[in-house]
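Encoded as structure tokens, the structure appears first; notes follow it.
The values are calculated or read from the model by the stated rules, or taken from the named source; none is laboratory data. Treat the numbers as computed from the prediction; the structure is a model and nothing was measured. A quick note on method: Cβ atoms are made from the backbone with ideal geometry, for glycine too, and the neighbour counts reach across all protein chains shown.
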Amino acid sequence: MKDVRHTVSRLTPAGAGAVAVLQLEGPPSILDDAPILFRAANGRPVMKQRLNRLCYGQWGTDSPESVVLCRVGPETTEIQCHGGRAAVARIISDLESRGCVAVDASHLSGSMEDLIETECRDALTRATTLRTADLLLQQQTLLPRYLGELNELPPDDAKRRVEELLRWADFGLHLTHPWQVVLCGRPNVGKSSLINTLVGYARSIVFDQPGTTRDVVSVETAFDGWPIAFSDTAGIREQPDELEAEGIRRARHRLKEADLRIVLIDVSQSPTEEDFKLLDEWGDVLVVAHKCDLEDVWGRAKPQAAIMVSSKSGAGVNELVERIVQKLIPIVPEPMTPMPVTKRQIDALTLR
């Protein structure tokens with residue numbers, strides 16, 4: 001007879017996704033019984049793991065799979081695994097073999113009626129990296145409680161708490177929407193080649209004919225667990241043809257909306273007036289002195305803060321990646337820092 005003390009539900013929607021989240025209700029000792037289902041990287045059994053602390057480990061003994069576990073209550077455990085159907089089915093099957101009953105997540109409706117918690121759960125389904133998923137998982141229990149206490153605080157204390165939450169507003173939104181990085185420069189400075197190098201595969205067309213990129217081409221990747229979308233724009237130059245001019249117009253629009261702009265110059269070619277116009281047009285940018293594997297003919301005309309990079313040899317690429325992350329995420333919140341993760345939450349806090 002099945003042990004009805006244990007149930008397992010899938011909290012995230014079925015289908016393809018970066019991460020799936022399962023909720024186990026019942027004493028977590030079920031995971032520690034031999035043969036052990038979950039082996040934590042820190043070596044401690046699940047029953048000894050601290051509440052609301054993420055714990056990385058391996059699920060199963062045959063072909064073990066990496067998962068992240070979090071005890072969110074004395075008898076409530078959340079399990080993060082790969083979002084594919086096979087990984088979810090395996091974990092549920094293993095739990096069922098221990099007497100656990102698989103139930104639909106609707107049985108949790110009472111605990112999910114709170115709008116904040118529901119929004120955080122929805123945001124978790126859209127996480128594209130484990131790092132952002134970890135932060136969103138923390139918000140499911142942390143943010144509703146933190147916001148619920150606002151009405152109990154003196155006005156000045158509540159105001160300070162709201163200000164602290166709004167400090168992380170932009171960061172919280174980017175947990176489900178990648179930071180936007182746009183590359184610009186004259187035609188043929190190597191924007192497409194550099195993006196291909198940064199993401200590790202050929203996504204942009206590379207050809208030595210000016211005007212090859214006529215539209216904005218975007219590709220997503222992750223640096224240090226942070227999701228980033230790179231946009232390869234049309235080369236900006238004077239007197240383009242009509243089709244290329246439309247690509248340049250779109251490029252300038254994307255540049256205005258970007259979280260970070262990268263201006264490329266080709267140090268193997270003599271500087272032009274168009275190069276200097278681009279360098280002066282945008283304020284806070286990263287400047288990449290590209291094709292540094294070739295002879296540098298810019299000399300002292302090159303911006304002092306320019307990063308010397310070669311997509312061909314790989315020189316300077318690691319430094320560029322570090323600078324991009326520093327620019328986009330200069331401060332990382334401490335674990336268990338509450339933050340809004342949707343525009344509705346930010347708007348509500350702003351109007352408070």
Counted residues, the range 197-230 - those being at pLDDT below 85 and part of a loop (DSSP other than H, G, I, E, B)
17
Quick check: anything in the range 231-243 within 18 Å of Asn188 (Cα to Cα), among the acidic types (Asp, Glu), at pLDDT below 80 and in contact with a helix residue (DSSP H, G or I) (Cβ under 8 Å, 6 or more places away or on another chain)?
yes
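Would you kindly identify the strands (runs of 3 or more DSSP E) lying entirely within the range 9-106 that contain at least 1 residues that are out of contact with any Asp or Glu (no Cβ under 8 Å at 6 or more places or on another chain) and within 30 Å of Glu220 (Cα to Cα)?
19-25, 54-59, 65-73, 76-82
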Of the residues Ala20, Ala34, Ala41, only one is more than 15 Å from Cys100 (Cβ to Cβ), touching a Gly at 6+ places or on another chain (Cβ under 7 Å) and without any contact (Cβ under 8 Å) to a residue 40 or more places away in the chain; which?
Ala41
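Kindly state which helices (runs of 4 or more DSSP H) lie completely within the range 109-174 and contain at least 3 residues that are touching a residue at least 12 places away in the same chain (Cβ under 8 Å).
Numbers: elements: 109-112, 115-125, 130-148, 155-167, 169-174.
Of the helices (runs of 4 or more DSSP H) lying wholly inside the range 109-174, those with at least 3 residues that are touching a residue at least 12 places away in the same chain (Cβ under 8 Å) span 115-125, 130-148, 155-167, 169-174.
Please count how many residues of the range 114-144 are basic (Lys, Arg) and modelled with pLDDT of 90 or more.
First, the residues of the range 114-144 that are basic (Lys, Arg): 121, 126, 131.
In the following step, the residues that additionally are modelled with pLDDT of 90 or more were identified as 131.
Matching residues across the range 114-144 total 1.
Scan the range 57-82 for residues that are more than 17 Å from Gln139 (Cβ to Cβ) and touching a residue at least 24 places away in the same chain (Cβ under 8 Å) and jot them down. Full working, then the answer.
Of the residues in the range 57-82, the ones more than 17 Å from Gln139 (Cβ to Cβ) are 57-67, 69, 74-75, 77, 79, 81-82.
Scanning the range 57-82 gives Trp59, Gly60, Thr61, Pro64, Glu65, Val67, Leu69, Glu75, Thr77, Ile79, Cys81, His82.
Among the candidates Ile346, Ile265, Ile329, Ile324, single out the residue that is farther than 19 Å from Asn188 by Cβ and in contact with a His (Cβ under 9 Å, 6 or more places away or on another chain).
Details: Ile346 fails: in contact with a His (Cβ under 9 Å, 6 or more places away or on another chain); Ile265 fails: farther than 19 Å from Asn188 by Cβ; Ile324 fails: in contact with a His (Cβ under 9 Å, 6 or more places away or on another chain).
Going through Ile346, Ile265, Ile329, Ile324 in turn, the sole match is Ile329.
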With the structure loaded, tell me whether Asp122 is acidic (Asp, Glu) and over 27 Å from the mean Cα position of the chain (by Cα) or whether it fails that test.
no
Can you find, within the range 168-191, the residue that is farthest from Leu124 (Cα to Cα) among those that are among the charged types (D, E, K, R) and modelled with pLDDT under 95?
Arg186
